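As structure tokens, the structure follows; a few thoughts come after it.
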Amino acid sequence: MNDITLIKRAVKGDKRAFEALLQENYDVMFKMAFKYCGNRQDAEDITQDSCIKLARALASYKFQAAFTSWLYRLVLNCAKDFYRKKKPEAVLNDSHIGAINAEAEIKTYANEILAQVYALPENEKSALILVMSDGYTHAEAAIIMDCKESTVSWYIHEARKKLNILIEKEPHHG
Amino acid sequence: MDEKHLQKTLEEINVPTPDDNVKKRALNLALAEFETVQKKNEKTFQGFSLLSRLIPGSNKNTGRETMKNRKLIYGGMATAMAVVLICGVSVQQFTTGSYKKQQSADETALATLNKAALAPEAKEELFRDRAAQKYTPPLEQHTDQGAVQSDESSAISPPPQPIMPMARTGAPAEMTMMMAESGAAGVSMSYQIPDYEIMPSPGYHEEGRDKFGDFEENIIKTVSTEPVSTFSIDVDTASYSFVRRQINEGVLPPKDAVRIEEMINYFDYDYEPPETKVRPFKPTVTIVPSPWKDGNKLLHIGIKGYDIAPDEKPRSNLVFLLDVSGSMNAQDKLPLLKNSMKLLLETLSPDDTVAIVVYAGAAGTVLEPTKASDKNKILQALDQLSAGGSTAGAEGIRQAYQLAGNNFDKEAVNRVILATDGDFNVGISNPEELKDFVERKRKSGVFLSVLGFGQGNYNDHLMQELAQNGNGVAVYIDSLSEARKVLVEEASATLFPIAKDVKIQIDFNPEMVAEYRLVGYETRHLNREDFNNDAVDAGDIGAGHTVTAIYEITPVGGKRAVEDSRYAVKTEDTKVHTDFSNEYAFLKIRYKLPDEETSNLITTPVTTENERDNLLTNTCSTTEDCVSSANDDVRFSVAVASFGQLLKGSKYSGKLDYDGVIDMAQQARSADEFGYRAEFINLVRLAKSAAALQKN
């Protein structure tokens, strides 16, 4: 059964359909969340929030955008809320940077790049990940982020600028 | 920065595979929320959304921390006290100190705990408390529309992860090590929780949505101003089963869930039975000293209903109306219901008919009226039932009554038996309309009984009212043994009414009694004039039922709680006839035979001859003295009433505490064939522990 059928059934109150929809999309949602936050713990929490949120929000999906895009937007919103709720010091202490080391064993340089990416402002980070990691076009990213295409371009531009500046400050990686 | 590197890094973000257990938990939570949302969409708002209930902080201090208290109790009292103490210490430090300080407080506390070699559960407690502080409870949120578009509407707070038990896989030791390494330097602790407990199953409901009608405890009345007390009898027992369940889980029940008369009437008493069916019951009256206040007395009324001999039993035309909605999908609901039904089948005669109507998303007849002799067919229909979908109780009720009506037998007992966890959402969603419907049907000869299941979503109030309007009983089934009690041992009481609209009126003699207070029956109060009015509905008694009512009275000359009005007429001036000088009161019982519409009257004076000198047996010294003690039944019912008052936090309990109740009940165990009285004593012990914990 495809997502559309499942969604329609779930909106009518079919619990099994909703469960199937979740089964189908959990991994995707987890991936979205992980890319956004960069560590397993937060990604799991955000995904869980998103699943619960989906139960409430599904009825408002109007089949206009692709479901994946709509879902992505939901996950991103949940992620933002998640960090807004979390204490600032906690975010600094145990969120991104340390977690990258432990979680994804990637080489140091990439690690540092990621650390810089995760330090970007929310929207710039989202835009960057959507476009450069997930391969969405600026127009598609705009739908997910619920803004204009030109705004996405602007976020990416800003992100690039910041990353360049930040990285140039470290001559070691030139 | 190198664009290529950035691109490559981002493309190659190494996303780990999701953890199956975490996924399962998220799915379960989402499904539970899904159900909540569906319910909310279908009817008016009926409680808290699931989320707020799952965030630890939000249900703190509600006195319903089931998990917590249960764990504590089972962990042993001494252990529990230690944990509470330690938690208390670290809480204090947290509020005054910094985040880091809190962590070291954690460690100190944990080290202490480890030294004391406490049960693993105790450690969970510590973390649960900590978790409760770390996260702020979210605001309740009801917006369903546009939730995705607007940031504000997606108010979801972090899930209470650290509260998941970590003791399952021997983690405590590892964890302690981890924390020892991190030292007090404030390196952030990351709990890697190896095994999540899948907390809520689909359709899981945290407690706190059970609905009880609220009522105030009866107050003391003065005989000079209000000499007559009137109430309807109540043979329901639902309250006791519900209370028992809560206490067994380590929490004291909500006060409104405690209906003392239902607790008393849960037990079977060996009162003297009536001889004939025409005069179907006999009151037994006893007056004993009150254990609650020195100088006061208790007026104890026991009524035993006529028990139908097996060959006298009328045929039964039963229609079961079973709730198979999603919320019934729990071990203590649908599966228990099915097993209970199988028990009941055993007690039916081959000639009786059984039909089954189910309701969920849609209502449907799954079994046309079938003779009980065709047991296989009935069992097959039962086995095919499964829970799913929302609740359309009212539609089901119509169908059930229609079936009962089609198969109506004037000679038989025609009864719809509703089994549910308490939600009627669709169709006649207005409770008033539903009650009217049941009442109209009652007049046509089809009665309604209610079997309640499960908790968390239990709508006690509506069930009570439906059963009352349907001339039936409301019972709460929390276990198979309870099902046995209600459906097998008391089958005839549950199924065959011997009298309906049974009302009790007590006329107190102002020369003997100054004040009185009825224990329980708050929800059954009737006006004085209702007693003789046959149009006023009241409770029903089934075959062999016993009903007990207790008044606490202050004799004239005793220490009164209420002062007379300055202008009140002195009793001397209204001297009652001297013939009544040894009469405390006059008891009147009105009832209708099941198929009659005019009432009959039974009366009996309550005199000093009914008086016993002792309530307890261990207060008497000589044999002669002990003869004048109350019998076991009186003693036991007073113990139950005392327990009920303690649970309700009654202001009339006086100096009697849980230990006093245990002592009293110990002296009243009688034969106790099925062990209900022994179970009661255990329950009081548990309640005592739970109460002690709640105070901390």
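The values are calculated or read from the model by the stated rules, or taken from the named source; none is laboratory data. None of the values given here were measured: they were computed from a predicted structure. Every residue, glycine as well, gets a Cβ built from its backbone with ideal geometry; the counts of neighbours run over all protein chains shown. The accessibility values were calculated without ligands, DNA or RNA, using every heavy atom of the protein model including side chains. Shrake-Rupley method; radii C 1.70, N 1.55, O 1.52, S 1.80 Å.
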So which strands (runs of 3 or more DSSP E) stay within region B:270-364 end to end and still have 1 or more residues that are at pLDDT 85 or above and in the same structural domain as B:Leu587 (by TED's automatic domain parsing)? B:281-289, B:297-305
Picking from B:Val258, B:Val278, which residue would you name as being hydrophobic (A, V, I, L, M, F, W, C) and open to solvent by 40 Å² or more (accessible area, probe 1.4 Å)? B:Val278
Can you find a residue in region A:61-68 that is open to solvent by less than 10 Å² (accessible area, probe 1.4 Å), in a helix (DSSP H, G or I) and more than 8 Å from every other protein chain (Cβ to nearest Cβ)? no
Among the residues in region A:13-25, are any within 10 Å of chain B (Cβ to nearest Cβ), at pLDDT below 90 and under 17 Å from the mean Cα position of the chain (by Cα)? no
Pick from B:Gly649, B:Gly654: which is of a type outside the set (Ser, Thr, Tyr) and over 23 Å from the mean Cα position of the chain (by Cα)? B:Gly654
Need at least 1 residues that are modelled with pLDDT of 70 or more per element, so show me which helices (runs of 4 or more DSSP H) inside region B:1-60 make the cut, counting only ones lying wholly within it. B:3-11, B:20-42
Which residues, counting only those in region A:35-73, are within 21 Å of A:Leu120 (Cα to Cα) and polar (S, T, N, Q)? A:Asn39, A:Gln41
Being assigned to a loop (DSSP other than H, G, I, E, B) and either at pLDDT 85 or above or not assigned by TED's automatic domain parsing to the domain that holds B:Lys441 (or both) is the requirement here; does B:Phe424 meet it? no
Pairs needed: first member in region A:63-74, farther than 18 Å from A:Thr5 by Cβ; second member anywhere, surrounded by 16 or more Cβ atoms within 10 Å (Cβ to Cβ) and among the β-branched types (Val, Ile, Thr); C-beta distance under 6 Å; at least 6 residues apart or different chains. A:Ser69/A:Ile143; A:Ser69/A:Ile144; A:Tyr72/A:Ile144; A:Arg73/A:Ile144; A:Arg73/B:Val148; A:Leu74/B:Val148
Can you tell me which residue within region A:1-56, out of those that are buried (at least 21 other Cβ atoms within 10 Å of the Cβ) and among the hydroxyl-bearing types (Ser, Thr, Tyr), is farthest from A:Phe82 (Cα to Cα)? A:Tyr26
